[in-house]
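The values are calculated or read from the model by the stated rules, or taken from the named source; none is laboratory data. Only a predicted model underlies this, so the values are computations on that prediction, with no experimental measurement involved. Every residue, glycine among them, receives a Cβ derived from its backbone with ideal geometry; neighbour counts consider all protein chains shown. The area values use the complete protein model at the heavy-atom level, side chains included, leaving out ligands, DNA and RNA. Shrake-Rupley method; radii C 1.70, N 1.55, O 1.52, S 1.80 Å.
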Amino acid sequence: MADVVQLQNVSVSINHTEIVHDISLGIPEGKITAIIGPNGCGKSTTLKAISRILPCTQGTITLNGREIHQYAHRAFAQELAMLPQSPKAPSDLTVIDLVNMGRFPYKNLFNRAQQEDREIVIWALEQTNMRSMHHRLLSTLSGGERQRAWIAMTLAQKPRVLMLDEPTTYLDISHQLEVMKLLVKLNTELHLTVVLVLHELNQALQFADNVAVIKAGRLVVQGDPRQVITPELLAQVFGVRAERFACSNGMQVLIPIDLL
């Protein structure tokens, strides 16, 4: 499978401090890629560089083989959608108003919504099981419902690549599972390439096809989560002793036992 996004020797600085150091990384098309690593290691910074939120101080990033800054803003937004951690919106915004915002890359400044836009918004709501809540205010939704509404907005952009920064943070276990299963559904049924930053390593083991591990701004390893996420990796990257257990369905999980 070809890489839809490629980073080649990428470094990123914030306030004159280099956060990401010389990372080369490929994002396989049509797969779910999880980026994991300790707090402050550069995971979110890497996502923001791919999304053109932060500039690279070194190296190149390509999307579909084309350098990302060669895209016009609207053309880029039609290819790649980014959902930041804890996105904000006015409290009086309804779900359908939020999802309509996803159609902005396809509209001219004074264009009114066309039939195609309305159909795609309804489609995005249906994909995320939010159609029955389309008139609800965002402020009245549960955490899981609110996250599904934001994902519906990104789907309305009709991107090929969906990037999410810690989409399960602050959600309880059931809503975490709900969001992850939704992302698997979108990946499987729409062939959407999904890239997400995760803190929960067992979610990466359970749901991701590819994992990239970052420590102190540098890529440690990339590959199949079941081969990459091991007790040895947790010791090397996180400084914890962990043991592996097998679930009743055969899935492997890692349990941290102690600090090293």
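A few comments on the model shown:
- Only residues that are open to solvent by 30 Å² or more (accessible area, probe 1.4 Å) and part of a loop (DSSP other than H, G, I, E, B) were counted across the stretch 149-179, and they come to 5.
- The number of residues in the stretch 130-148 being surrounded by 23 or more Cβ atoms within 10 Å (Cβ to Cβ) and within 19 Å of Gln115 (Cα to Cα) comes to 0.
- Within the stretch 92-114, considering residues that are among the charged types (D, E, K, R) and over 24 Å from Gly143 (Cα atoms), the one modelled with the highest pLDDT: Lys107
- Considering each residue of the stretch 109-129 in turn, none proves to be farther than 22 Å from Leu192 by Cβ, surrounded by fewer than 21 Cβ atoms within 10 Å (Cβ to Cβ) and touching a strand residue (DSSP E or B) at 6+ places or on another chain (Cβ under 8 Å).
- Residue count for the stretch 225-246 satisfying the condition of being touching a residue at least 12 places away in the same chain (Cβ under 8 Å) and either under 24 Å from Glu18 (Cβ atoms) or in a helix (DSSP H, G or I) (or both): 11.
- Scoring Ile61 on the criteria (1) free of Cβ contacts under 8 Å to residues at least 60 places away in the same chain; (2) out of contact with any helix residue (DSSP H, G or I) (no Cβ under 6 Å at 6 or more places or on another chain); (3) under 18 Å from Asn210 (Cβ atoms) leaves a single failure, condition (2).
- Selection within the stretch 3-23 - over 15 Å from Ser51 (Cβ atoms), open to solvent by 70 Å² or more (accessible area, probe 1.4 Å) and touching a residue at least 40 places away in the same chain (Cβ under 8 Å): Gln8, Glu18, Asp22
- Residues that are open to solvent by less than 10 Å² (accessible area, probe 1.4 Å) and of a type in the set (S, T, N, Q) were ranked within the stretch 24-74; the one that is farthest from the chain's Cα centre (by Cα) is Thr46.
- Within the set Gln203, Gln222, the sole residue that is part of a strand (DSSP E or B), out of contact with any Ser or Thr (no Cβ under 6 Å at 6 or more places or on another chain), open to solvent by less than 80 Å² (accessible area, probe 1.4 Å) and of a type outside the set (A, V, I, L, M) turns out to be Gln222.
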